[in-house]
Amino acid sequence: MPTIGIEMCDAGFRAATFDKDKSEAQVATETDASRGSDWPGFAYYDGQTYSFGRVAEEQWFVHPRRVRHSFWTRLAHEPSTLGPIGKPAPFSQLAFHFFREYTEQIKLTSSDRVVLAVPGSYLKDAATEDEKIGLLLGMANELKLPLVGIVDSACAALCDPRANGFNPTLPVVVIDLCLEGTELTLLTSEEQLARKDFLHLPQSGLTHLLKHVTATMANRFLRHTAFDILEDGQVEQMFFRQTKDFLFSDAPEHRFHINTATRGYELLAKREQLVTDAAAFVATLVQGLQTFLHNSPHASEPCTIALTERAAHIPGVEARLRAVGHHRILRLPAGAAAAGAARFGESRLTVPEDLADVPVDIAVPLSFARRANAPVWEARLLKGRVPGPRPAPTHAILDGIGHAFGQGSHFTIGVANGAVEVSLPDSFNISADCSVSLVREGGRWWFVDSTPARDSAGTPTRATIDSGDHLSIRCGTAAADVLFAHCAANSSRGHD
């Protein structure tokens, strides 16, 4: 029986199958290929009937009061504002009818096994999980889905066999763009690939970005052509569709074209203009990421940033991430969570008789993770959690012994057979090149990551060192922790 993974992201539902014999995943397309391969989480009520997905999205600017796109985020029994007067449909009912229509489009059969890759917000705490997963299980029961598992979407995305491998010795933060916000999920791969921390950034969703860039492009179009697209909802909808297509393409430019009964209007737009329009959105997102990493006890510097296909298309996001020091950036393929869920589902051989027995996973065995070959050794800077500014360190402490930085501009931690200020234990001697460089610049000490696991450009990453930070060094089974501390007295001596 084939296994189908369904990526339940309201920015675009996707499905994928996994071929175990070939170790290949294939993302499914809709029956009507002209509507694209994903289904956005929109619902439209015309006064008589409901429609969903791309059809509903095409009414967003035409009949904005009859369209809703928050029902997956707010999945619950509470009423929405969409439906007959006095009897609006609950969010859960909109989600059910959307999901039923979607499963009909991808032509599920009773012989398939299904794994759902769900948003991280559904699993953020026990109460939320009970409510939202309970509603999903109710939908699966009503639709007679052969459900074998539910898995965190970010965790599944890192299991996509089509993706480039990630460094398993570093934490990974998956950034996913949903309709109502951006999800940040931090995972580590020690004993298993496991979700460790999560943050939802509200007001940083695809709908907010699309509305903003559509409006800025419309103003540009007005200045260039003296034609105001806002005067007609149908025209505004056409302009929105062109803006979204431009946003999700890799084209350096796009020619906006609007025809009226009397003439046509055109504007040639550049991608640089999209980047400018999205700058504030990107700045908010990256600031949220930095706060998330600072507050998470599982984060370290460096870490890997994995962008879903949706997030990678945010104009200027990758350049902004690199500008603030995130050089390890991994782009995930379209439908990565669906493909990873399908691959993971291959290990589930039977469909539970009782849906209450369907497992919900926020961790998977390492054998499913799409890992790259780890370097011989790895060093990570773990930032201290004390709030407020901290003084620059004067000492590096290893195994209870303090080593003063002194007045030099370089400080090296490495194996004993090299020219180092701090010698690592003998267990590290299996690697002759295990050496961590600290550099003093501008009155601050910097950790320089020069290990083989750099970004694709081979650029070493740097991070400032404050008192209270730790340097975690691993080489095979050998591990050492170096603590950085400030000691005002005797700071110039070699040892305390």
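The values are calculated or read from the model by the stated rules, or taken from the named source; none is laboratory data. Computed from a prediction, not measured in an experiment: that's the story for all the values here. Neighbour counts are summed over all protein chains in view; Cβ atoms, including those assigned to glycine, are modelled from backbone coordinates with ideal geometry. For the accessible areas, the whole protein counts, side chains as well, though only heavy atoms, and no ligand, DNA or RNA atoms are used. Shrake-Rupley method; radii C 1.70, N 1.55, O 1.52, S 1.80 Å.
See the values below:
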read-out	value
Nearest-0.05 FRET efficiency for His294 and Asn429, computed from C-beta distance (R0 41 Å)	0.70
Candidate lysines - alpha carbon under 27 Å from Lys211, same-chain residues fewer than 8 apart omitted	Lys244, Lys270
Asp19 versus Gln48: modelled label distance in nm, points set 7 Å from Cα along the beta carbon direction	4.5 nm
Total charge dipole magnitude, the chain, about the Cα centre, Cβ charges on Lys, Arg, Asp, Glu only, Debye to nearest 20	940 debye
Low-density loop positions, GluC sites (Glu not before Pro), the stretch 134-240 - DSSP coil, at most 16 other Cβ in 10 Å	Glu190, Glu191
Potential lengthening between His486 and His63 on full extension [0.36 nm per residue; Cα-Cα distance subtracted]	146.1 nm
Ile397 accessible area, assembled protein chains, probe 1.4 Å, Å²	50 Å²
Accessible surface of Thr103 - all protein chains present, 1.4 Å probe, nearest 10 Å²	10 Å²
Rounded percent of accessible protein surface that carbon and sulfur make up, the chain, 1.4 Å probe	51 percent
Gained length - Ala279 relative to Asp354, 0.36 nm times residue gap less alpha-carbon distance	22.1 nm
Sites matching trypsin sites (Lys or Arg not before Pro) across the stretch 219-268 that sit in DSSP coil, with at most 10 neighbouring C-beta atoms within 10 Å	Arg263
Solvent-accessible surface (1.4 angstrom probe) belonging to Ile413, in square angstrom, nearest 10	0 Å²
Within the chain, helix-based [θ] at 222 nm, where runs of 4 or more DSSP H residues each add -39,500 (n - 2.57), nearest 500	-7500 deg cm²/dmol
Å² of accessible area per residue within the chain, as computed with a 1.4 Å probe and no ligands counted	44 Å²
Net length gained if the chain between Glu231 and Glu266 were fully extended (0.36 nm per residue, minus Cα distance)	10.9 nm
Karplus (6.51, -1.76, 1.60) ³J(HN,Hα), θ = phi - 60°, over the stretch 126-139, in Hz, Gly and Pro reported as x	5, 5, 5, 4, 4, 5, 6, 5, x, 5, 5, 5, x, 5
Paramagnetic reach from Asn164 in the stretch 292-309 [backbone N under 19 Å; point 7 Å along Cα→Cβ]	302-309
Cβ-based charge dipole, the stretch 126-282, positive-most Cα from Val282, Phe256, Ala194	Phe256
Per-residue ³J(HN,Hα) for the stretch 478-483, Karplus 6.51 cos²θ - 1.76 cosθ + 1.60, θ = phi - 60°, Hz, x for Gly and Pro	7, 9, 9, 10, 10, 9
Charge dipole (the stretch 65-140, unit charges on Cβ, about Cα centre) - positive-most of Thr81, Ala95, Leu135	Thr81
Proximal aspartates and glutamates to Lys383, defined as alpha-carbon separation beneath 15 angstrom and excluding residues fewer than eight positions away on the same chain	Glu301, Asp449, Asp466, Asp469, Asp481
Calculated from backbone phi, Karplus (6.51, -1.76, 1.60) coupling profile of the stretch 253-263 in Hz, x at Gly/Pro	8, 8, 9, 6, 9, 10, 9, 10, 5, 10, 6
Those trypsin sites (Lys or Arg not before Pro) in the stretch 112-189 that DSSP places in a loop and that have at most 14 other beta carbons within 10 Å	Lys144
